[in-house]
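Colleague: Below is a structure I'd like to ask you about.
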Amino acid sequence: MKDLLFPIDTQFPVIKTLDAFDFSFPKSINKSLILSLFDLHLIEEKHNVIIMGPPGTGKTHLALALGYQACLQGIKIRFTTAMNLINLLSASLADHSFITTMKNFTSPRALIIDELGYLPVDKQGAELLFQVISNRYECGSIVISTNRAFRDWGKILNEDNTLASAAIDRLVHHGTLVQIKGDSYRVK
Ligand code: ADP
Ligand code: MG
């Protein structure tokens, strides 16, 4: 969304807030851990957040709410889905705008990568995603949402367990895992 509220092109698809999140709905969620993330120290410290859980459990909601909170504090943040990130970087290889496109994903202080795991990623896609994770390592935060457990990331990333382990290693080294369990809020 090119949001007139913010002097930043966040690409948020919608605005979600922490206030609108009902912590009593999921079967299992660490509320105090999540609330602690909203002090945004993680962005100061270039830490990552991995939000893991089944569809409809509020992963995107929480990622967007975190992004919104950061925006309110003037922190430069960018939202993308994993697929959009891969598509934009792949296209940029063809039209020689790779460096500029990569900068769009590495320069914001926090990058939200939503929906890792729903769509299969090919070899090039897996490598491009890894480059973003690697370029941001210890330089800027990533908030990533996924419906898949870490043990399945090799399957998601073109059956490349080595690349998946290297990506997970970088994400979790300075990272917080937020696990949500329960039913989809969409079918509530
Ligand atoms: P996910 O990304 O995990 O698939 P979403 O964050 O897109 O799920 O949630 C689906 C919809 O349900 C969104 O409209 C979201 O705002 C809403 N939602 C999910 N969980 C909650 C919750 N615990 N409290 C309030 N709204 C929720
Ligand atoms: Mg989602």
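The values are calculated or read from the model by the stated rules, or taken from the named source; none is laboratory data. Just so it is clear, the model here is predicted, and its values are computed rather than measured. Because the Cβ atoms are built from the backbone with ideal geometry, glycine has one as well, and the counts that use them run over all protein chains shown. Heads up: the accessible areas ignore ligands, DNA and RNA and are worked out on the full protein's heavy atoms, side chains in. Shrake-Rupley method; radii C 1.70, N 1.55, O 1.52, S 1.80 Å.
Colleague: Checking the structure you have, find out if any residue of segment 45-59 is more than 18 Å from Leu171 (Cβ to Cβ) and touching an Asp or Glu at 6+ places or on another chain (Cβ under 7 Å).
Modeller: No.
Colleague: Here is a further query. Inside segment 60-82, can you point out the residues that are aliphatic (A, V, I, L, M) and either touching a Leu at 6+ places or on another chain (Cβ under 8 Å) or within 16 Å of ligand 2 (Cβ to nearest atom) (or both)?
Modeller: The answer is Leu62, Ala63, Leu64, Ala65, Leu66, Ala70, Ile75, Ile77, Ala82.
Colleague: Residue check, Pro26 against (1) in contact with a Ser or Thr (Cβ under 9 Å, 6 or more places away or on another chain); (2) at pLDDT 95 or above; (3) away from ligand 2 (no atom under 16 Å from the Cβ), all met but one. Which one?
Modeller: Evaluating Pro26 over (1) in contact with a Ser or Thr (Cβ under 9 Å, 6 or more places away or on another chain); (2) at pLDDT 95 or above; (3) away from ligand 2 (no atom under 16 Å from the Cβ) leaves (3) as the failure.
Colleague: Sticking with this structure for a sec: Within segment 147-188, which residues are at pLDDT 95 or above, surrounded by fewer than 17 Cβ atoms within 10 Å (Cβ to Cβ) and among the hydrophobic types (A, V, I, L, M, F, W, C)?
Modeller: Ala149, Phe150, Ala166, Val172, Leu177
Colleague: Residue by residue through segment 50-99, note down the ones that are within 12 Å of ligand 1 (Cβ to nearest atom) and of a type in the set (Val, Ile, Thr).
Modeller: Ile51, Thr57, Thr60, Thr81, listed by residue number.
Colleague: Working carefully through the options Ala91, Ala166, Ala126, Ala110, find the one that is closer than 27 Å to Pro26 by Cα and either of a type in the set (A, V, I, L, M, F, W, C) or free of Cβ contacts under 8 Å to residues at least 60 places away in the same chain (or both).
Modeller: Going through Ala91, Ala166, Ala126, Ala110 in turn, the sole match is Ala110.
Colleague: Might you let me know whether segment 48-57 holds any residue that is away from ligand 2 (no atom under 15 Å from the Cβ) and either closer than 16 Å to Lys16 by Cβ or surrounded by fewer than 22 Cβ atoms within 10 Å (Cβ to Cβ) (or both)?
Modeller: no
Colleague: Just one of (1) touching a strand residue (DSSP E or B) at 6+ places or on another chain (Cβ under 9 Å); (2) more than 26 Å from Phe150 (Cα to Cα) trips up Thr101, so point out which.
Modeller: The number of the failed condition is (1).
Colleague: Which residues, counting only those in segment 125-139, are on the phi > 0 side of the Ramachandran plot and open to solvent by less than 10 Å² (accessible area, probe 1.4 Å)?
Modeller: Of everything in segment 125-139, nothing turns out to be on the phi > 0 side of the Ramachandran plot and open to solvent by less than 10 Å² (accessible area, probe 1.4 Å).
Colleague: Among the numbered conditions (1) modelled with pLDDT of 95 or more; (2) touching a Pro at 6+ places or on another chain (Cβ under 9 Å); (3) open to solvent by 40 Å² or more (accessible area, probe 1.4 Å), tell me where Ala91 comes up short.
Modeller: For Ala91, the exception is condition (2).
Colleague: Here's a follow-up. State yes or no: is Thr106 open to solvent by less than 60 Å² (accessible area, probe 1.4 Å) and farther than 13 Å from Gly125 by Cβ?
Modeller: Criteria met by Thr106.
Colleague: Among the numbered criteria (1) surrounded by fewer than 21 Cβ atoms within 10 Å (Cβ to Cβ); (2) more than 27 Å from Pro120 (Cβ to Cβ), which one does Val14 miss?
Modeller: (2)
Colleague: Taking Ile34 and the conditions (1) in contact with a strand residue (DSSP E or B) (Cβ under 7 Å, 6 or more places away or on another chain); (2) within 16 Å of ligand 2 (Cβ to nearest atom); (3) open to solvent by 20 Å² or more (accessible area, probe 1.4 Å), which numbered condition does it fall short on, given that it satisfies the others?
Modeller: Against the list (1) in contact with a strand residue (DSSP E or B) (Cβ under 7 Å, 6 or more places away or on another chain); (2) within 16 Å of ligand 2 (Cβ to nearest atom); (3) open to solvent by 20 Å² or more (accessible area, probe 1.4 Å), Ile34 comes up short only on (3).
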